[in-house]
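Below: the structure, in structure tokens.
Nothing in this text is a laboratory measurement; each read-out follows from the coordinates by a stated rule. Note that the coordinates shown come from a computational prediction; the quantities given were computed from them, not determined experimentally. In this analysis, Cβ positions are derived from the backbone assuming ideal geometry, glycine residues included, and neighbour counts consider all displayed protein chains.
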Amino acid sequence: MGSIRRIFIYFCTFATNSITNSRNMFAEKRYPEKLDADELDEYLSKGWYRMGQSIFTTHFLCFGHTFFSALWIRLPLDKHASSKRHRKLMRRNSRLEISYSPFNHQQPDKEQENLYQRYRKQFPGLLAPSLRDALYDGDEKNIFNTWQCIIKDGGKLVALSYFDLGQQSIASIMGIYDPAYKNDSLGFYTMLMEIEFGRSNGFQYYYPGYIVPGYPRFDYKMRIGKVESYLLRNDDWAPFPSQVKSEDVPMLKMDRHLQEMCHYLNLNHSPCVKKYYPLFEANLFGFWHAPYLDYPVLLVCSQLENPHTFLITVFDPRQEEYHLMRCSIFDDLQFYFNPTFTESFNPKDHFLELLIIDEMIEKSKKPQDILLALRYVTDSTR
């Protein structure tokens, strides 16, 4: 079943191992048949991450009905030193037995699956039904160079984590632990042990995934050390600031600029409305390769004579400019999103039709350029 699914998606999305061939999207998912160590390094360095046996990127998230930025982080290992708090935790858990081993073509054994089920029962969110499903996602082989960190107490398995190795990078994938050992911070402890493995084996970077400013569930990742964050505006990494400013968070920047643009257009007699767009991750779930709109907030500036066509303005935080686009509705929404999901949003504040970009009309940092282009298009279609 997994191989059939992979072949189907390969031909529908024109999957390729090279990230350089990717359209410049905020959200994307790939299903490579194989992935070399240096290719994994390249993906990780661009803010991509593993999901089952696929690799994906996203820069925006929706929790509940609130929209956030995903900020990818990494820890440079060459200058990293364990903090006093780290050393204290390591001493406290020094009684535990630690071992590392490859997990490239293995299946989780019964003891590991039982540990996963105990962990899953107390986990506050949704997890895959089994450890095998979490790691393989229906496929039969592992395309990643995966290792496992095994923690035992007197021969009993009490914690387990998985990480992937690139040429210079180590990516933390999953950590689970026995709920009876909750006070021993074993989830974070396995991350420290992965970092020690990376340092002792000469790796350059440790990638724990993303954090979400304004949503503290992922803040524990910041405790690993002096991390860097991936910056959309210049496609590079920089030391993570001690205090994140709103102008450094793409979602907040987009929201603010579109609010200003909305006010400007309405003052100049070009009616528009700002709406959030919960379908921005269609590229992660869709079966067809298409230029789906992947901005989580937008301005609906006009509905043209065709009831399925709209003029949409967005703010791109990469170039820090406004984009005016002609977009049309993709009818087969049910292939991408459960109706229960879309029905949970208020249509007054959210645009709930799946949009495809038909034409880029104007790009500019100046609101007046967008206004002129908007007037030209609307006048020419009357």
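Any chance you could run the full-extension gain for Ile329 through Tyr376? It's 0.36 nm times the residue separation minus the Cα-Cα distance, nm to one decimal.
14.7 nm
Which one of Leu160, Ser130, Asn183 is farthest out on the positive end of the charge dipole of the stretch 106-192, using unit charges on Cβ (Lys, Arg +1; Asp, Glu -1) and the Cα centre as origin?
Result: Asn183, furthest along the dipole toward the positive end.
Anything over 27 Å Cα to Cα? Flag those among Lys46/Lys156; Lys253/Lys348; Lys88/Lys156; Lys221/Lys363; Lys88/Lys221, in the order listed.
From the list (Lys46/Lys156; Lys253/Lys348; Lys88/Lys156; Lys221/Lys363; Lys88/Lys221), the Cα-Cα distance tops 27 Å for Lys46/Lys156; Lys221/Lys363.
Put a dot 7 Å past each Cα toward the Cβ at Val244 and Asp36; how far apart are the dots in nm?
Between Asp36 and Val244, the simple spin-label model gives 3.5 nm.
Helix 2-13 versus the longest principal axis of the chain: what is the Cα-based angle in degrees, 0 to 90, to the nearest 10?
On a 0 to 90 degree scale, this one is about 30.
Can you give the FRET efficiency to the nearest 0.05 for Glu111 and Thr66, using r as the Cβ-Cβ distance and R₀ = 45 Å?
E(calc), rounded to 0.05, equals 0.70.
Kirkwood Rh over alpha-carbon pairs of the stretch 36-136, then Stokes-Einstein at 4 °C and 1.567 mPa s: what D in µm² s⁻¹, rounded to an integer?
Stokes-Einstein gives a translational diffusion coefficient of 74 µm²/s.
Quickly rank 169-180, 30-41 as a protection proxy: mean count of other C-beta atoms within 10 Å, highest first.
169-180, 30-41
Report the FRET efficiency, 1/(1 + (r/R0)^6), for Asn338 and Met51, where r is their Cβ-Cβ distance and R0 is 22 Å, rounded to 0.05.
0.75
In whole Å, how far is the Cα centre of the stretch 316-332 from that of the stretch 126-151?
36
Given a cut-off of 14 Å, what percent of all Cα-Cα pairs of the stretch 251-316 lie beyond it?
62
Taking every pair of alpha-carbon atoms in the chain, give the share separated by more than 25 Å as a whole percent.
Counting pairs separated by more than 25 Å, the tail of P(r) holds 60 percent.
Relative contact order, percent, of the stretch 153-213 when contacts are C-alpha pairs under 8 Å separated by at least 6 residues?
Once normalised by length, the contact order is 36 percent.
Under a 10 Å cutoff between Cα atoms, tell me which one of Lys221, Lys253, Lys366 has the largest fluctuation in the Gaussian network model of the chain.
Of Lys221, Lys253, Lys366, the most mobile in the Gaussian network model is Lys366.
Do any GluC sites (Glu not before Pro) in the stretch 123-213 lie in a DSSP loop with no more than 16 other beta carbon atoms within 10 Å, and if so, which?
Passing sites in the stretch 123-213 are Glu140.
What nm distance separates the two modelled labels at Gln319 and Tyr220, each placed 7 Å from Cα along Cα→Cβ?
4.1
For the chain, calculate the relative contact order in percent as a whole number, restricting contacts to Cα pairs under 8 Å that are 6 or more residues apart.
With pairs under 8 Å counted, the relative contact order is 15 percent.
Which value, in debye to the nearest 20, describes the size of the charge dipole of the chain about its Cα centre when Lys and Arg Cβ atoms bear +1, Asp and Glu Cβ atoms bear -1, and nothing else is charged?
1580
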